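Notes for the one structure printed next.
The values are calculated or read from the model by the stated rules, or taken from the named source; none is laboratory data. Small disclaimer: the values here were computed from a predicted structure and weren't measured. Every residue, glycine as well, gets a Cβ built from its backbone with ideal geometry; the counts of neighbours run over all protein chains shown. For the accessible areas, the whole protein counts, side chains as well, though only heavy atoms, and no ligand, DNA or RNA atoms are used. Shrake-Rupley method; radii C 1.70, N 1.55, O 1.52, S 1.80 Å.
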Amino acid sequence: MTPASNNIFHKSLVDDREITITYELVPGRGSGGKRLEKILNLAEQAKDDGRIKALSITDNPGGHPALSPTSLGLDIQALGISPLIHFSLKDKNRNMVESQLFECHRHDLLNLLVLGGDYPRYGFEGQAMPVFDLDSTQLLTLIERLRHHSTVKKGAPGGVMDLPPMDFFAGCVVSPFKVLESEQVWQYVKLLTKIKSGARFVISQLGYDMKKYGELVRLMKNLQISIPLIANVFIPSLGVARIMNNGRVPGVILPDTLLSRMEEEAECKDRGEEARLLRAAKMVSTLQELGYAGVHLGGNNLDFDKISFLLDKVDEFKGKNLEEDVHFPEPFTWYLHDDCKQHPRERSFSFLYSANDLVHRQVFTGKGRFFSMAKKISLNAIKHKHLQRLYTFFEQLSKKLLFHCRMCGDCTLAESNYLCPQSGCPKRMINGPCGGSINGYCEVYPKERLCFWVRSYRRGPTPDCNNIHEIPVLPPKDWSLDQTSSWLNYFSGKDHCKLQVQDKKDEDAP
Ligand code: SF4
């Protein structure tokens, strides 16, 4: 095994004298063929060139099946270049996640990019089942535990067991390119939960709005968070740019102004290829000036000669002020540090939110007027089978009508402004949104259904994205509670609030 200290990507990223360049590889469906040969050829040339510090490998991109990133990662590693494994959560439950982490560690594949992933699409005989058992925040928490000598709990199969520390270098993603306040604030809140949970570097979504790139750097500076930021610079062909402009790639915005420019450039003899590469080089140079520690390059139909041409040009553009040349904002975008008066206020506390919150506070919080009574009834119901059935039936009926409840047994309604994430969010995200929304619409139902977390933002309070300390991180759901009463689980201390109930017990004690 290669010692962790030989991790070129890690070393380069923490060295602030140089900008870290990574390049994204997209393995296709199948275990070999021309596409794979081309990828390995590019990897070999990148290794000889030396300017690219890691090759990142996507994990079933677009929700379609492809060669696993660990398999290609091993090939890349054997060529002597650091792989950066995309570790997504759409296709694996928590046990498969842990198993694959062991696999990665065993093979010294330590650089991980943690992400939820695109919603699963077609596969063998139809659309695949979306898993999303953990979200990226929870996976980062698991990785952080494995990094620090994790102990498997007593009572778990296998009993008490110490696992040796696994020194992963895991990062996360964020999109600073959201157009609406509700989407953007949530993106930053979620980013802070990921950093709090152990992310050690951040890669942005791809985008073309330089002011937004600057906004992310400024947010990190204001919060005095010094983990390395990597900007995502994607070089699309005209065909792919049209698809992106049409909103057909989850979470990606390619403004009309950029598409028109590319259409003009395509009139040239080389169909606009040089112009695209020069624009990317100007972007890299500008992002370096903005304070990014690295740039994550990607594109379609790029061979190594083109990447090399781009990197040569970056050096030529150094020190020139080129920001305006490569700034393509989407009209009516909300910016965190602007006084956005032209934007209508998105947030208005709704009557439904206020009414639900009032009931919640009175019944389910320690100081509530009905808390003790509700707790007594609930603990009594647990002791009598028939009463328990009646109690559960009543909960199911009332919450189905009010919240489309699916009886997950661990209710997080209060944490999402009294909207149910189990029925309202296709990825069942409980710690804030994924990055897939476009103009406020859900990745799974584009232009049709608003993102669950946009709706949540608009009806009540949201954690402050300027205060990392106050942002709560919810643990993963315990599936043994599924189809049971969340009220009983709450009052008997079995759900995610167990400590709160314990506190109340102590308070109640004579
Ligand atoms: S118990 Fe679960 S499924 Fe039901 S409303 Fe609460 S979060 Fe939604």
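Please compute, over every Cα-Cα pair in segment 139-205, the percentage with a separation greater than 15 angstrom. Percent of Cα pairs beyond 15 Å in segment 139-205: 61.
In what order, largest first, do 445, 23 sit by accessible area if the probe radius is 1.4 Å? Write down the numbers at each step before the final one.
On the way: 445 70, 23 10 Å².
My answer, sorted largest first, is 445, 23.
Ordered by solvent-accessible area of protein heavy atoms (1.4 Å probe), largest first, the residues 44, 324, 98 come out as 324, 44, 98. Neighbours of residue 426 by Cβ distance under 10 Å: Lys/Arg scored +1, Asp/Glu scored -1, total +2.
Rounded to a whole number, what % of the accessible area of segment 4-326 do carbon and sulfur atoms account for, probe 1.4 Å?
On the way: 6770 of 13850 Å².
Exposed carbon and sulfur together represent 49 percent of the surface.
Spin-label model, residue 17/residue 34: points 7 Å from Cα along the beta carbon direction are separated by 4.5 nm. Here segment 69-108 is scanned for amide nitrogen atoms under 19 Å from the site 7 Å beyond the Cα of residue 161 along Cα-to-Cβ, giving 93-107. Averaging the Cα positions of each part gives two centres, and for segment 436-459 and segment 249-270 these lie 25 Å apart. According to the Cα-based calculation, Rg over Rh for segment 4-326 is 0.96, with Rh computed by the Kirkwood formula.
Legend: residue pairs 11/47; 367/494; 92/375; 47/269; 212/447, Cα-Cα distance threshold 25 Å; pairs beyond threshold, 92/375; 47/269.
The separation of segment 107-128 from segment 386-404, counted between C-alpha centres, amounts to 36 Å. Relative contact order for the chain: 15 percent, from Cα pairs under 8 Å spaced at least 6 residues apart, divided by residue count. Taking the C-alpha atoms only, the angle from helix 371-383 to the longest principal axis of the chain is near 80 degrees. Label separation (residue 93 vs residue 467): 3.8 nm, computed from points 7 Å beyond Cα along the C-beta direction.
Heavy atoms only, probe 1.4 angstrom, no DNA, RNA or ligands counted: give me 29, 94 ranked by accessible area, highest first. Could the numbers behind the result be given before it?
On the way: 29 150, 94 65 Å².
So, going from the largest accessible area down, we get 29, 94.
Label point of residue 316 set 7 angstrom out along Cα-Cβ; within segment 255-274, amide nitrogens under 15 Å from it belong to 273-274.
Note the angle between two axes, namely the Cα long axis of helix 94-106 and the longest principal axis of the Cα atoms of the chain, as a number of degrees from 0 to 90, rounded to the nearest 10. In the chain, helix 94-106 runs at an angle near 40 degrees to the longest axis.
Taking all protein chains as shown and a probe of 1.4 angstrom, residue 479 keeps an accessible surface of around 130 Å². Between the helical axis of 256-265 and the longest alpha-carbon principal axis of the chain there is an angle of about 20 degrees. For the chain, the solvent-accessible area of protein heavy atoms averages 49 Å² per residue (probe radius 1.4 Å; ligands and nucleic acids excluded). In this label model, residue 75 and residue 400 are separated by 5.1 nm, measuring between points 7 Å along each Cα→Cβ vector.
Ligands, DNA and RNA excluded, the heavy atoms of residue 256 present near 110 Å² of accessible surface to a 1.4 Å solvent probe. Exposure check, 1.4 Å probe, all protein chains in place: residue 99 carries approximately 60 Å² of accessible surface.
What is the Cα centroid distance between segment 406-432 and segment 179-196, reported in whole angstrom? Result: 18 Å between the Cα centres.
Grab the DSSP H runs of the chain that are 4 residues or longer, score each as -39,500 (n - 2.57), total them, divide by all residues and round the 222 nm result to the nearest 500 deg cm²/dmol.
On the way: 18 runs with 212 residues, N = 510.
Calculated mean residue ellipticity at 222 nm is -13000 deg cm²/dmol.
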